[in-house]
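Single-structure report; data block below.
The values are calculated or read from the model by the stated rules, or taken from the named source; none is laboratory data. Because the structure is predicted, anything quoted here is derived from the model rather than measured. Here the Cβ positions follow ideal geometry from the backbone for every residue, glycine too, while neighbour counts run over all protein chains shown. Heads up: the accessible areas ignore ligands, DNA and RNA and are worked out on the full protein's heavy atoms, side chains in. Shrake-Rupley method; radii C 1.70, N 1.55, O 1.52, S 1.80 Å.
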Amino acid sequence: MDREEKLACLRLIRTPNTGPMTFSLLLQRYGSAIEALRAVPKLAKRGGRTLKPAGRALAEAELQANEDGGASLLFKGTGDYPARLAQFNDAPPVLSVRGSLHLLSRPIGRNRRRAKRLINAQRLAQSLAEDLATEGYVIVSGLARGIDATAHNGALAGGTVAVIIGGIDIIYPPENADLHESIAETGLLVAEMPPGTQSTPRHFPIRNRIIGALALGVVVVEAGER
């Protein structure tokens, strides 16, 4: 994918009311982000709306922000984009990644984080993560407090993927700053949101669909009957 198509992809997905599903449908219809971007204002006009695509400067800035932060971009439809995620129509058109890309091609298991008996649950999560990593599995989780962080720590030596809730450069929660950097060095950080995007509650389900799509299996450390 050349630079112009990358910029067009970024402009298209950052255009108001253009989510991953709409993005996929537009690319299927027009064959490229460049052509889809040209069609957006006309399509909006037919629907009685005025819609201005995101500007080139915004896309250029996003490219630069990723580069400045040591991250790269994976575009849906290209070879480096994870195949397990690409099969879904609502998969992110673009992902920011920082770290070891080869981990996305290995078998991945998801950690389920909710637990009430925190100490025992953390011990179990770390033990399971270590054992699975030893067997060649990559642990993917959300870099959240408690079980998530423990599972990531347990799998650091063998490989772990953290799907971040905000931008690739935003550390959340703050107490996981050291873990964030350790994963960038030995594992992989993944983010759907542009750099600089702060974490908000509405991003949690958006983030979780990526974790679920990447995983071959789910480890439930503890859960209620439901």
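Give me the percent of accessible area attributable to carbon and sulfur for the chain, probe 1.4 angstrom.
Details: 5880 of 11580 Å².
Exposed carbon and sulfur together represent 51 percent of the surface.
Using a Förster distance of 30 angstrom, determine the FRET efficiency expected from the C-beta separation of residue 87 and residue 220, and round it to 0.05.
Given R0 = 30 Å and the Cβ-Cβ separation, E is 0.80.
Expressed as an acute angle from 0 to 90° and rounded to the nearest 10, what is the orientation of the C-alpha long axis of helix 20-30 relative to the principal long axis of the chain?
On a 0 to 90 degree scale, this one is about 40.
Show the residues, 5+ positions off or on another chain, whose built amide H is closer than 5 Å to the amide H of residue 196.
167, 168, 169, 170
Between 194, 93, 107, find the one with the highest GNM mean-square fluctuation for the chain; connect C-alpha pairs within less than 10 Å.
107
Could you work out [θ]222 nm for the chain from helices alone, using -39500 (n - 2.57) per DSSP H run of at least four and dividing by all its residues? Round to the nearest 500 deg cm²/dmol.
Working: 9 runs with 101 residues, N = 226.
So the helix-based figure for the chain works out to -13500 deg cm²/dmol.
Of 181, 225, 135, which has the most accessible area with a 1.4 Å probe, and how do the rest follow in descending order?
Descending order: 225, 135, 181.
Tell me the relative contact order for the chain as a rounded percent, counting alpha carbon contacts under 8 Å between residues six or more apart.
20 percent
For the chain, give the share of DSSP beta bridges that are antiparallel, in percent and rounded to the nearest 5; count only bridges with both residues there.
35 percent
What's the whole-number percent of alpha carbon pairs in region 102-226 lying beyond 22 angstrom?
When all Cα pairs of region 102-226 are counted, 27 percent exceed 22 Å.
From the mean inverse distance of alpha carbon pairs (Kirkwood) and the Cα radius of gyration, derive Rg over Rh for region 69-174.
With Rg and the Kirkwood Rh in hand, the quotient comes to 0.98.
Using a Cα distance threshold of under 30 Å, what count of lysine pairs results for the chain when pairs must be 8 or more residues apart or interchain?
8
Please report the base-10 log of the normalised intensity I(q)/I(0) for region 1-94, using a Debye sum with one equal scatterer per alpha carbon and no solvent, at each q in 0.19 (1/Å).
Here the Debye-derived log intensity ratios amount to -0.90.
With a probe of 1.4 Å, find how much accessible area the chain has per residue, and write the answer as a whole number in Å².
I get 51 Å² per residue for this part.
With +1 on each Lys and Arg Cβ and -1 on each Asp and Glu Cβ, and nothing else charged, work out how big the dipole of the chain is about its Cα centre, in Debye to the nearest 20.
Rounded to the nearest 20 debye, it is 1280 debye.
Given Cα pairs under 8 Å that are at least 6 residues apart, what percent is the relative contact order of region 1-123?
Over region 1-123, the number comes to 26 percent.
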